[in-house]
1. Taking the stretch 159-177 only, how many residues are free of Cβ contacts under 8 Å to residues at least 60 places away in the same chain and buried (at least 16 other Cβ atoms within 10 Å of the Cβ)?
2. What are the residues in the stretch 308-317 that are farther than 18 Å from residue 271 by Cβ and touching a residue at least 12 places away in the same chain (Cβ under 8 Å), if any?
3. In the stretch 283-296, which residues are touching a helix residue (DSSP H, G or I) at 6+ places or on another chain (Cβ under 8 Å) and modelled with pLDDT of 95 or more?
4. Regarding residue 164, is this residue touching a strand residue (DSSP E or B) at 6+ places or on another chain (Cβ under 9 Å), in a helix (DSSP H, G or I), modelled with pLDDT of 95 or more and farther than 30 Å from residue 62 by Cα?
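The values are calculated or read from the model by the stated rules, or taken from the named source; none is laboratory data. These figures come from a predicted structure and were not determined experimentally. Glycine also receives a Cβ, built like all others from the backbone with ideal geometry; neighbour counts cover every protein chain displayed.
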């Protein structure tokens, strides 16, 4: 049976000797071990200039055997790499059946320093250690796009804005397909008042990610937030429409952002005077119990009341009273104005 398979990513090998060895091993193992039953057969994936294997995005129908063979072969050669990663997805009607993230995990100093820095960079109080480890990885291999990206996020968190911008730019110069780096630079640009540049970066993140990756949807939601702040409600509605239609797994961080996304969608639809749809969005938001607590129930009730009122429906006063009882000052003001 065949299933849709997507392969995307890159591995860099750092020096001519390692690269030449990998090219030979790739072809010999493909023929000897896997009898050429693999999904990568084009030599155009090998980049002699940068000593790397680069797969921009490949979509193909695959058997289970060919998928396993390809993953095994890529995992084998990844241990000769110094940086990068390749994702391999097998899907059925948009649902992930199999997924493999292939990246180097060998004893090379650049690899081990990066893995240490990545492990530390999200931990509170460990920023300096993460910075040192990621800097070591870069000093060992100055084309380590992921190390630059992760160091950029650490610098951003520490308030080192110029250093963060340098690292994001450097990461994207090496690997212009990295969606995570575009999201980070978008946040930085927005913080600096560069609205257009921020939106452009989020568009590039969406373009270079695939819908199976959480970052794809994180970029869409962030773009919607920025569009709302720019009063570009049509653009926000477009991104929120797709976001709220998506069925996220509970393991995906976007799962906990659905309540907030439906709330934003309702507010946008109110601005666009699509009152029925706005009411439905607020209903969805209230029905979701799992949330990252980015929005209060009182705010949703207040907005649902507005949607009811503008659409000539009963019940808006009840919504506002409930919202006011939960601490909504806006709902209290609306009640006073109505009375």
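1. 10
2. Within the stretch 308-317, 313, 317 qualify.
3. If the condition is that a residue be touching a helix residue (DSSP H, G or I) at 6+ places or on another chain (Cβ under 8 Å) and modelled with pLDDT of 95 or more, then 283, 284, 285, 286, 288 are the ones that fit.
4. Considered against the rule, which asks whether it is touching a strand residue (DSSP E or B) at 6+ places or on another chain (Cβ under 9 Å), in a helix (DSSP H, G or I), modelled with pLDDT of 95 or more and farther than 30 Å from residue 62 by Cα, residue 164 comes out as no.
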